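The values are calculated or read from the model by the stated rules, or taken from the named source; none is laboratory data. As the structure is a computational prediction, the values presented were derived from the model and not from experiment. Glycine gets a Cβ as well: all are built from the backbone with ideal geometry, and neighbour counts include every protein chain shown.
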Amino acid sequence: MPEQPAFNVLDSLQGSHSPSPASGNAVCSRKGCRADAGWQLLWNNPRIHTPERRKIWASCSEHVGWFEDYLQTRGLWKETVPLGAHTPPDTAAAPEGA
């Protein structure tokens, strides 16, 4: 019987994103982008989330500025940190297509 791969905590940050076939890493959340993510953008919508809640979008280096602008314009952005950095316990990944 083949050995099952070990659980990877980054898999839970990806939400519905599939790992990049080449690397197994988290994939950028930008619609149509399949690049490996290197950043996580923490955000929340104060109209529907508690203040401590953080949602996460994964981003490649090319799209991190786009995500920050998108979230800041809407008053949702909280923080951008390298992927794999410690995140608050109340986090959830966003669906693909952002």
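Structure values in brief
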| quantity | calculated |
| --- | --- |
| Strands (runs of 3 or more DSSP E) completely within the chain that count 1 or more residues being at pLDDT 55 or above, buried (at least 17 other Cβ atoms within 10 Å of the Cβ) and in contact with a Phe, Trp or Tyr (Cβ under 7 Å, 6 or more places away or on another chain) | 39-43, 54-59, 77-82 |
| Any hit, the range 42-60, residues being under 10 Å from the mean Cα position of the chain (by Cα) and small (Gly, Ala, Ser) | yes |
